[in-house]
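Comments concern the structure below.
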C-alpha cells in the first residue's frame, strides 16, 4: 500500500447510481453549492444556524489515496468515480486554498474579494469571485442538508475544484435569494452543461465505487452499463477500470 498522502487519482462522490451513470455518459458540469465564506457576516450566520450568504458553481474532488476515502463516501454519497490526476490538470481542476481567520492569506483574500466586488471592471469582478470560490477555511461550519454543521475540518478533504470562468455572467456567484429560486439556478446550470462541461473518456477513469450489496446487483448493473456505453464510443477502446464496492475499503486496500 502506498505511503503517499496525496494520490494519482481525483475522487468524486455522488448519491445515486443515476447520477454516476450521468457522469459516465455526459461528464461533469458545475452546479451551485452554498458555502460559508471568509466574510464575517457568513460566520455570524453560521453561529446562528442560518444559511450562507451566497453560492458558487463548482465540481468537487478529493486528492486522497483509495484507503482513506471511506469517510468521504459516508459524507458525500456511496457512489464514487476516480479519475487520473492528469485528467484533472488537463481540465484545470485546481487545489483549493485553505486558510484560517488568523492567517495573513485570510485577511488578504477577504480584502481583495470585498474590494473588487464593488469594481466596475467585469474582469476584476469575476476574478475576485473566482478567487473566493477556490478558498476554504481550514476548519469551520458546513452547510449540509439545509442546516449548519459545526467544526468540520475541511483540510482533511484535500479538495480540488473546477469552477467555470463564465465571462458571460454578470456575476459568477449567486446570493441566497437567487440561489433559493430554482428558475435562476436552473438556467445557469443549463449554461454550464452546454458550455462548461468536463468530458471524460474510458482512459481517464481509474475506479468506480458502488455500495456493497449481497446480491452484487450494483456491481453487475454498472459493469453492464460501462460495457455498453464505451462500446458505442469506440469498438477498439480498452476499459482499464476497477469496479468495487465500498465494503472493500473497510479493510486494507
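FYI, it's all coordinate maths here, none of it is from the lab. Just so we're clear, the structure is a prediction, and the values are computed from it rather than from any experiment.
Here are a few things to note about the model shown:
- The fraction of all Cα pairs in the stretch 78-177 landing in successive 5 Å bins from 0 to the largest distance is 2, 10, 16, 20, 22, 17, 9, 2, 0, given as whole percents.
- Only beta bridges with both residues in the chain are counted; by DSSP, about 80 percent of them are antiparallel.
- Part-to-part distance (alpha-carbon centres) for the stretch 31-52 and the stretch 100-135, which is given in Å: 16 Å
- Share of pairwise Cα separations in the chain, more than 22 Å, in percent: 58 percent
- Rounded to the nearest 500, the helix-only mean residue ellipticity at 222 nm of the chain stands at -11000 deg cm²/dmol, with each DSSP H run of n ≥ 4 adding -39,500 (n - 2.57).
- The C-alpha atoms of the stretch 145-218 occupy a region whose extents along the principal axes are 48, 37, 26 Å, arranged from largest to smallest.
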